[in-house]
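J.: Questions regarding the structure given below will be posed in turn.
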Amino acid sequence: MILYVLFDTANIILQKNERKQKMTTIETIRTRRSVREFTDENLTPEQINLLKEIALRSPSSRNLDPWRFFFVQSPALLKELAKAKISGSSLIDGAKLAVVVGGDENISDVWTEDCSIASILLQLAAQTMGLGSCWVQIRNRNSQNCSSEDFVRNLLEIPKNIRICSIIAIGNPAEKRAPLEFSELDFKKIKDF
Ligand SMILES: Cc1cc2nc3c(=O)[nH]c(=O)nc-3n(C[C@H](O)[C@H](O)[C@H](O)COP(=O)(O)O)c2cc1C
């Protein structure tokens, strides 16, 4: 009898935790905003390892996993990466980590989609870890003298078959941005059938 009660209580706690976990994902999505200002605090090795794990857990078309992730923590390289675009990339200089998300176009013709999924997963993971992040668009953008893709590839000596989708800049947030209000969501963009 005692064993049965204990088992039942453990089960209820497990179910409650599972519900809490699901809410956490929704809350993460609700509260995420782009963060472009970061504190001087470094990321811990545990945080970096967790982000690496999340990146490699991204789903990909036909399970081909065409992505390649370049985890940049060197302050000198972060300073250079900040010049990858004429505008919209300078925030990388203040970040503590930049994850360059690339995909091998010889492996998959939908590397863009696969890389985009990995990019947003990294942002959501960062959010749940209390970190801030911002997506910096690289594909189809230009630096001062060449395409942003070539700029990043030259800097990190990445081969030409690896196309560059984005750079996800991550750090401890130095700005607090309010979540979008529910009333701001444009439900006209959704059509029910
Ligand atoms: C595909 C994509 C490309 C983006 N490129 C940049 C960028 O190059 N530089 C930047 O500062 N923000 C960039 N952002 C961030 C957007 O400006 C931001 O997500 C948008 O303004 C909505 O704000 P929120 O993220 O705070 O909800 C990008 C976001 C996405 C999804």
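J.: Given axes a ≥ b ≥ c from the Cα gyration tensor, I'd like to know whether the range 100-165 is rounded (a/c under 1.5), prolate (a/b larger than b/c) or oblate.
T.: oblate
J.: Per residue of the range 159-166, in order, report the coupling 6.51 cos²θ - 1.76 cosθ + 1.60 (Karplus, θ = phi - 60°) as ³J(HN,Hα) in whole Hz, putting x for Gly and Pro.
T.: With coefficients 6.51, -1.76 and 1.60, one gets x, 4, 5, 8, 7, 10, 8, 8 Hz.
J.: I need the shape label for the range 34-171. Rule: rounded when a/c is under 1.5, else prolate if a/b > b/c, else oblate, with a, b, c from the alpha carbon gyration tensor.
T.: oblate
J.: Order these by the 10 Å Cβ neighbour count, fewest first: L81, L64, L97.
T.: Going from least to most buried by this count: L64, L97, L81.
J.: If amide H atoms are built 1.01 Å from N in the plane of the peptide, which residues on other chains or at least 5 residues away come under 5 Å of the amide H of L131?
T.: none
J.: With the crude spin-label approximation of a point 7 Å out along Cα→Cβ, what separation in nm comes out for R57 versus D93?
T.: So the two model labels end up 3.6 nm from each other.
J.: Moving to a separate point now. Would you mind computing, in nm to one decimal, how far apart the modelled labels at I190 and I117 are, each placed 7 Å from Cα along Cα→Cβ?
T.: The answer from the label model is 2.2 nm.
J.: With a 10 Å Cβ neighbour count serving as the proxy for reagent exposure, in which order, fewest first, do F193, F69, F187 appear?
T.: Ascending number of Cβ neighbours within 10 Å: F193, F187, F69.
J.: What does the charge count near F71 come to, summing +1 for each Lys or Arg and -1 for each Asp or Glu among other residues with Cβ under 13 Å from its Cβ?
T.: Neighbour charge sum, excluding F71 itself: +2.
J.: While we're on this one: Can you work out ³J(HN,Hα) from phi for every residue in the range 94-109, in order, using Karplus 6.51 cos²θ - 1.76 cosθ + 1.60 and θ = phi - 60°, giving whole Hz and x for Gly and Pro?
T.: Rounded to whole hertz, the list is x, 6, 9, 8, 10, 9, 7, 9, x, x, 7, 6, 6, 8, 8, 7.
J.: Under the rule of at least 5 residues apart or a separate chain, name every residue whose amide H is placed under 5 Å from the amide H of W67.
T.: Result for W67 returns D104.
J.: Using modelled backbone amide H atoms (1.01 Å from N, in-plane), which distant-in-sequence or interchain residues come within less than 5 Å of S147's amide H?
T.: Sorted by chain and number, the residues that satisfy this come to none at all.
J.: If Lys and Arg each add +1 and Asp and Glu each add -1, what is the summed charge of the other residues whose beta carbon sits under 13 Å from the beta carbon of C134?
T.: +3
J.: With a sphere of radius 13 Å drawn around the Cβ of P45, what net charge do the other residues whose Cβ falls strictly inside it have (Lys, Arg +1; Asp, Glu -1)?
T.: Here the charged neighbours net out to 0.
Taken together, the values in this text are just the output of simple stated rules run on the coordinates, not laboratory data. The structure presented is a predicted model; accordingly, all values stated were derived computationally and were not measured. Heads up, the Cβs are rebuilt from the backbone with ideal geometry, glycines too, and the neighbour counts pull from every protein chain shown.
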